[in-house]
Amino acid sequence: MRPDSSPGNLPAREHLPAGSAGTPVLDVVIPVYNEEKDLQPCVVRLHEHLKRTFPYAFRITVADNASTDTTPQVAARLESEIPEVRSFRLEQKGRGRALRTVWSASDAPILAYMDVDLSTDLNALLPLVAPLISGHSDLAIGSRLARSSRVVRGAKREFISRTYNLILRGSLQARFSDAQCGFKAIRRDVAQVLLPLIEDTGWFFDTEMLVLAERAGLRIHEVPVDWVDDPNSTVHIVKTATDDLKGVWRVGRALATGSLPLDRLARPFGDDPRDRDLTDVPKGLARQLVGFCVVGVLSTLFYLLLYSGFRSFSGSQIANALALLVSAVANTAANRRLTFGVRGRGSAVRHQAQGLVVFGIGLALTSGSLAALNAATSSPAHSTELAVLIAANLAATVLRFLLFRAWVFPDRRDETEASTVVASHNPSSPTYGTTTAHQQHPQQLPHQQHPHTPLPQRPNATAPQAPYTNYDHSQTNEFRAGEAADRTWGDATMQLQAVRPHDHDPRDTRDAR
């Protein structure tokens with residue numbers, strides 16, 4: 001296999017990292033707040049479903065975020081009675097905070113969550129995580145708005161849900177169909193890099209995660225679900241909607257200013273090893289065209305206003321040259337930041353100098369057009385001059401974009417590749433953190449020398465579960481909110497393997513179907 005030479009903090013997607021027999025493949029988190037009545041039926045039903053249908057080892061984690069009723073006692077009892085259940089206690093509210101904390105501490109390669117009311121039919125769980133296990137996708141979401149979904153809920157919630165998703169599409173250009181369905185999963189290697197970029201700790205957490213992932217070019221898989229509304233839901237619709245709109249504004253502003261380091265989430269082009277050495281692949285052409293067109297329209301209007309102003313006290317050639325010079329400087333600065341995403345003052349003078357060369361070409365086209373017009377008629381009308389200049393500027397605009405893209409603001413990632421940290425599957429790589437060998441899970445190290453160990457199958461009821469990374473079960477099950485985000489991430493990445501049809505659990509006596 002050829003080495004992956006593409007920059008970025010994420011390697012190419014491959015099949016689920018193999019782990020030791022005690023490490024769960026899937027960790028399903030159930031965030032709860034004062035759910036003493038619904039928690040036990042939910043966990044029991046989910047556990048029975050996973051034991052019956054999920055072919056790998058799993059864990060169910062109850063994330064109690066500051067409940068004031070007997071929810072912590074119910075969670076502790078479930079943990080003591082069911083080996084695959086763990087409880088997690090936070091002293092601050094916030095679904096996003098609970099998910100960030102538990103996902104940060106989990107050692108499972110696939111992380112998921114679902115609402116405690118189990119509104120989503122559990123038959124969608126395996127289709128949800130399968131694309132992540134196979135390496136096809138980075139995140140997966142359940143969608144209540146897909147064509148084949150079957151949803152039972154009131155008109156009020158239906159209207160709010162669809163309106164919210166229309167807002168996301170219009171303001172943040174989101175392409176996923178359902179941001180708030182409580183049924184999602186993410187690969188752990190993606191979560192390690194994505195979670196530190198998410199600010200929200202409440203209900204907007206899901207939306208922010210999906211928007212950032214989509215903008216970074218990660219693949220989001222959508223699963224149509226059957227969903228039945230819980231009439232006893234404790235969600236405060238007005239407050240949640242207000243917080244979501246504030247989050248939309250905050251994320252939209254961050255994306256517009258380029259303050260989010262989404263390049264940390266870059267993946268190589270193509271997941272086939274033969275595709276990873278491709279060069280000269282166009283990157284962001286559609287987005288650049290849109291940005292260039294917007295800047296071009298505004299620049300043209302600015303240029304025409306300047307020309308009309310200068311024309312009132314000078315000849316057409318002088319007015320054209322002055323207007324084009326001023327608008328060219330503004331156009332280069334706008335395209336540098338908005339179209340091609342160049343930040344900071346580095347090379348700004350060189351870019352402006354190159355932009356002036358492009359300006360000279362545009363000046364030659366427009367001046368030549370004016371000269372031809374004056375040769376055709378001695379005193380052309382002002383409207384005719386403007387029409388000729390618009391046509392000449394359209395021709396100059398096409399040439400300007402090509403020169404900007406190929407010469408002024410070329411993609412220089414290939415030139416800086418030698419100085420860029422390259423993603424790899426080495427556990428010591430900064431891709432996944434700086435955790436040393438003795439800090440990792442003790443059962444991971446031997447397996448890294450044997451990449452062909454089968455994927456971990458579901459253990460029997462007496463098999464011990466692997467503890468959380470950075471978590472001591474001998475102490476009380478409490479975790480300070482946000483602590484996981486401040487400490488060094490553990491590394492659960494191991495050598496990868498292909499799925500073999502004959503991999504199975506010899507203890508499984510169920511008939512093959």
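On full extension, the segment bounded by D229 and A371 gains 44.0 nm, given 0.36 nm per residue less the C-alpha separation. Between E36 and H49, the contour length at 0.36 nm per residue exceeds the alpha carbon distance by 2.6 nm.
Among the lysines, which fall within straight-line cross-link reach of K37, defined as a Cα-Cα distance under 22 Å, with same-chain neighbours fewer than 8 residues apart omitted? Straight-distance partners of K37: K93.
Here the contact order of the stretch 314-374, divided by its residue count and restricted to Cα pairs under 8 Å and six or more residues apart, works out to 50 percent. Highest average first, the peptides 109-118, 360-369 ordered by how many other beta carbon atoms sit within 10 Å of their residues are 109-118, 360-369.
Looking at the stretch 74-126, the accessible area is 27 square angstrom per residue; that uses a 1.4 Å probe and ignores ligands, DNA and RNA.
Rolling a 1.4 angstrom probe over the protein heavy atoms with all chains in place gives the stretch 285-324 an accessible area of 54 Å² per residue. Using 0.36 nm per residue, how much length does the chain from R162 to S379 gain when fully extended, once their Cα-Cα distance is taken away? Extending this stretch completely gives an extra 72.3 nm.
Each peptide among 215-222, 186-193 gets the average number of other Cβ atoms lying within 10 Å of its residues, and from highest to lowest they stand as 186-193, 215-222. Taking amide H positions as modeled 1.01 Å from N, with prolines and chain starts lacking one, the residues under 5 Å from A174 and 5 or more places away or on another chain are R169.
In summary, the lysines within cross-link reach of K156, defined as a Cα separation below 17 angstrom excluding same-chain residues under 8 places away, comprise K239.
The values are calculated or read from the model by the stated rules, or taken from the named source; none is laboratory data. These numbers were taken from a predicted model, which means no experiment stands behind them. Note that each Cβ is placed from the backbone with ideal geometry, even for glycine, and that neighbours are counted across all protein chains shown. Ligands, DNA and RNA are excluded from the accessible area calculation, which covers all protein heavy atoms including side chains. Shrake-Rupley method; radii C 1.70, N 1.55, O 1.52, S 1.80 Å.
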